[in-house]
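Here the structure is laid out as structure tokens; the discussion comes afterwards.
The values are calculated or read from the model by the stated rules, or taken from the named source; none is laboratory data. Note that this is a predicted model, so its numbers are computed, not measured. Cβ: placed from backbone, ideal geometry, glycine included. Neighbour counts: every protein chain shown. Calculation scope for accessible area: heavy atoms of the full protein, side chains included, ligands and nucleic acids excluded. Shrake-Rupley method; radii C 1.70, N 1.55, O 1.52, S 1.80 Å.
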Amino acid sequence: MSEFDYGTGRRKNATARTRLYAGNGAIEVNGRKVEDYFPRKTLQMIIRQPLVLTKLVDKFDVKVNVCGGGVTGQAEAVRHGISRALLSADPSLRGVLKRAGFLTRDARKKERKKYGQRAARARYQYSKR
């Protein structure tokens, strides 16, 4: 294994560049502990999902640079990045991660507003009389 394994994760407008080092389970996001960067427990759980699923929580240290999007999009981008990095560390995990859906890039994004309309799909109110 090299010094670290790398994976890029994306979700909505968020991009996470993830590095996996041999270690004892510390997760660092943008130079801060994961508990400080993502105070919500649900987001912390989302980030740890691939490590918990593969039973490698205490085997790797994770360092992530994440930018763009909102907090949920960033958390899911980190999950995607960790999954890809785990895959480059150990290709035999592919089946487990793929079944859980962690390797699939979630392509859903906010739809753009169209001209002549109030929003992406909502029209302006129409009065017949």
Requested in this report: Could you give me the residue pairs with C-beta distances under 8 Å whose first residue belongs to the stretch 89-105 and is farther than 23 Å from GLU3 by Cα, whose second residue is open to solvent by 90 Å² or more (accessible area, probe 1.4 Å) wherever it lies, and which are 6+ apart or on separate chains?
Outcome: THR104/LYS98; ARG105/ARG10
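Run down LYS63, LYS110, LYS59 and say which single residue is closer than 17 Å to GLU28 by Cα, basic (Lys, Arg) and in contact (Cβ under 8 Å) with a residue 40 or more places away in the chain. Spell out the reasoning first.
Values: LYS110 fails: closer than 17 Å to GLU28 by Cα; LYS59 fails: in contact (Cβ under 8 Å) with a residue 40 or more places away in the chain.
Only one candidate qualifies: LYS63.
What are the residues in the stretch 42-83 that are among the basic types (Lys, Arg) and open to solvent by less than 60 Å² (accessible area, probe 1.4 Å), if any? Before you say what the answer is, go through the steps one by one.
Restricting attention to the stretch 42-83, the residues satisfying the condition of being among the basic types (Lys, Arg) are 48, 55, 59, 63, 79.
Passing the criteria: only ARG79.
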Report summary line: Within the stretch 94-129, restricting to residues that are closer than 17 Å to GLY9 by Cα and not charged (D, E, K, R), the one that is least open to solvent (accessible area, probe 1.4 Å) is LEU97
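Among the residues of the stretch 1-41, which ones are part of a loop (DSSP other than H, G, I, E, B) and either acidic (Asp, Glu) or surrounded by 19 or more Cβ atoms within 10 Å (Cβ to Cβ) (or both)?
Going residue by residue through the stretch 1-41, those that are part of a loop (DSSP other than H, G, I, E, B) are 1-4, 12-13, 23-26, 30-31, 38-40.
If the condition is that a residue be part of a loop (DSSP other than H, G, I, E, B) and either acidic (Asp, Glu) or surrounded by 19 or more Cβ atoms within 10 Å (Cβ to Cβ) (or both), then GLU3, PHE38 are the ones that fit.
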**Report entry** Looking only at the stretch 73-93, and only at residues there that are of a type in the set (D, E, K, R) and at pLDDT 95 or above, the one that is farthest from LEU53 (Cα to Cα)
**Finding:** GLU76
